[in-house]
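Peer 1: The structure that follows is given in the form of structure tokens.
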Amino acid sequence: MAISTTFKSRLKEKEYLAEGTMGFHFAKPDGFQFKPGQYVDMTLIDPAETDAEGNIRSFSIASAPEDGDLLMATRMRDTAFKRVLRMAPPDIEVSLEGPMGSFTLHNNSAKPAVFLAGGIGITPFSSIIRHAAKAGLPHHLYLFYSNRRPEDAAFLNVLNELEKTNLNFRFIPSMSEMSKSGQAWNGEVGLIHSDMLTRHLPGLQGPIYYVAGPPAMVAAMRQMLTAAGVDEDDIRTEEFSGY
């Protein structure tokens with residue numbers, strides 16, 4: 001088992017990814033290598049303020065290993081950590097421990113991968129899908145991505161473009177509260193459910209399923225998959241809580 005290491009890194013750029021969601025590009029430290037889907041623990045060094053939630057957060061890396069930067073994306077709740085990050089000047093230094101985690105793509109490319117993402121749970125899949133395109137992986141990938149509205153969906157345009165360039169990748173975004181959106185939408189609506197999967201997948205048994213999102217969503221997806229006859233051994237999950 002690999003031992004995680006602590007690295008120092010500096011903030012290079014901030015970007016607005018979706019309503020209430022920001023992306024932070026950090027310099028990739030020398031010697032830092034990770035597998036798509038892994039995460040780091042980030043520690044703020046001498047922050048201007050702190051609170052009971054502390055100065056450490058876990059972030060899945062949203063960029064591919066081939067990219068020059070490490071991209072972290074997060075919902076911007078009103079905590080001291082997020083306020084410091086939002087207001088951080090370029091070159092602010094942070095400590096990164098990692099990489100960690102085994103929420104990574106399986107090796108057997110004969111088995112498709114089906115990704116079920118809710119909200120900010122998109123981040124590990126963003127890394128895996130970007131890498132698959134850059135590395136020309138033979139795996140067939142399906143991403144079902146649930147948000148309330150297009151305005152809330154980070155990486156929507158990036159993922160649409162990746163579907164055009166990677167013929168092995170299918171992108172199925174779904175919106176559950178379009179009545180509250182100011183945008184037009186002609187894609188899937190509602191929460192991810194077995195009928196939606198059946199419409200877009202060759203079969204429900206056979207793929208490896210990866211589920212990431214809020215704990216309630218992850219539990220609901222696992223229950224839906226097992227009820228549809230998917231083997232428990234073919235379901236991998238990662239919960240994103242406290243965002």
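What follows draws every value from the coordinates through simple rules; no lab data is involved. These figures come from a predicted structure and were not determined experimentally. Heads up, the Cβs are rebuilt from the backbone with ideal geometry, glycines too, and the neighbour counts pull from every protein chain shown.
Peer 1: Evaluate the relative contact order of the chain (contact order divided by residue number), counting alpha-carbon pairs under 8 angstrom at least 6 apart; express in whole percent. Mind dumping the intermediate values first?
Peer 2: Values: 504 pairs, mean separation 46.6, N = 243.
Taking the mean separation of contacting Cα pairs over the length of the chain, I get 19 percent.
Peer 1: Further question: What is the stretch 139-243's relative contact order, in percent, from Cα pairs under 8 angstrom and six or more apart in sequence? It would help to have the intermediate numbers written out before the result.
Peer 2: Details: 133 pairs, mean separation 23.6, N = 105.
Normalised by residue count, the contact order of the stretch 139-243 is 23 percent.
Peer 1: Apply the Karplus curve 6.51 cos²θ - 1.76 cosθ + 1.60, θ = phi - 60°, to the phi angles in the stretch 166-179 and return the couplings in whole Hz, x for Gly and Pro.
Peer 2: Computed from phi, the couplings for the stretch 166-179 are 10, 5, 8, 10, 10, 10, 10, x, 9, 10, 9, 9, 5, 5 Hz.
Peer 1: Now a separate question. How high is the relative contact order of the stretch 16-109? Use alpha-carbon pairs under 8 Å, at least six apart in sequence, and give a whole percent. Can you show the working numbers first?
Peer 2: On the way: 144 pairs, mean separation 37.2, N = 94.
About 40 percent, as a whole number.
Peer 1: Percent antiparallel among DSSP beta bridges with both residues in the chain, to the nearest 5? Mind showing how you got there, number by number?
Peer 2: On the way: 30 of 55 bridges.
Beta bridges within the chain, antiparallel portion: roughly 55 percent.
Peer 1: Mind giving me the FRET efficiency for Asp51 and Asp91? R0 is 30 Å, r the Cβ-Cβ distance, nearest 0.05 is fine.
Peer 2: Details: r = 24 Å, r/R0 = 0.81.
Approximately 0.80, to the nearest 0.05.
Peer 1: Now for a separate question. Please report, in debye to the nearest 20, how large the charge dipole of the chain is about its Cα centre when each Lys and Arg carries +1 at its beta carbon and each Asp and Glu carries -1 there.
Peer 2: Dipole size: approximately 360 debye.
Peer 1: Which whole-Hz ³J(HN,Hα) couplings does the stretch 81-89 yield from phi under the Karplus relation 6.51 cos²θ - 1.76 cosθ + 1.60, θ = phi - 60°, glycine and proline marked x?
Peer 2: 4, 5, 5, 4, 5, 4, 8, 4, x
Peer 1: Per-residue ellipticity at 222 nm for the chain, helices alone: DSSP H runs ≥ 4 residues times -39500 (n - 2.57), over residue total, nearest 500 deg cm²/dmol? Don't skip to the answer; put the middle values down first.
Peer 2: Numbers: 5 runs with 52 residues, N = 243.
Mean residue ellipticity, 222 nm, calculated: -6500 deg cm²/dmol.
Peer 1: Further question: Rank Ala27, Met224, Asn157 by how far each Cα sits towards the positive end of the charge dipole of the chain (+1 on Lys, Arg Cβ; -1 on Asp, Glu Cβ) and give me just the farthest.
Peer 2: Result: Asn157, furthest along the dipole toward the positive end.
Peer 1: Rounded to whole Å, give me the distance from the Cα center of the stretch 13-40 to that of the stretch 69-130.
Peer 2: 6 Å
Peer 1: How far is helix 156-165 tilted, in degrees, relative to the longest principal axis of the Cα atoms in the chain, given as a value from 0 to 90 rounded to the nearest 10?
Peer 2: On a 0 to 90 degree scale, this one is about 60.
Peer 1: I would also like to ask the following. Which FRET efficiency, nearest 0.05, do Asn108 and Leu167 yield, Cβ-Cβ r, R0 22 Å? If you can, show how the numbers build up before the last one.
Peer 2: On the way: r = 20 Å, r/R0 = 0.89.
So, using R0 = 22 Å, E works out to roughly 0.65.
Peer 1: Let me ask you something else. Please list, ordered by chain and number, the residues whose modelled amide H lies under 5 Å from the amide H of Thr237; skip anything fewer than 5 residues away on the same chain.
Peer 2: Long-range HN contacts for Thr237: Val211.
Peer 1: Roughly how big is the stretch 83-226's charge dipole about its Cα centre, with Cβ charges of +1 (Lys, Arg) and -1 (Asp, Glu), in debye to the nearest 20? Please report the intermediate quantities before stating the final value.
Peer 2: Numbers: 12 positive and 10 negative charges, 45 e Å.
Computed about the Cα centre, the dipole is about 220 debye.
Peer 1: In whole Hz and in residue order, list the ³J(HN,Hα) couplings for the stretch 207-213 that follow from phi through the Karplus curve 6.51 cos²θ - 1.76 cosθ + 1.60, θ = phi - 60°; x for Gly and Pro.
Peer 2: Once θ is set to phi - 60°, the couplings for the stretch 207-213 become x, 8, 9, 10, 10, 9, x Hz.
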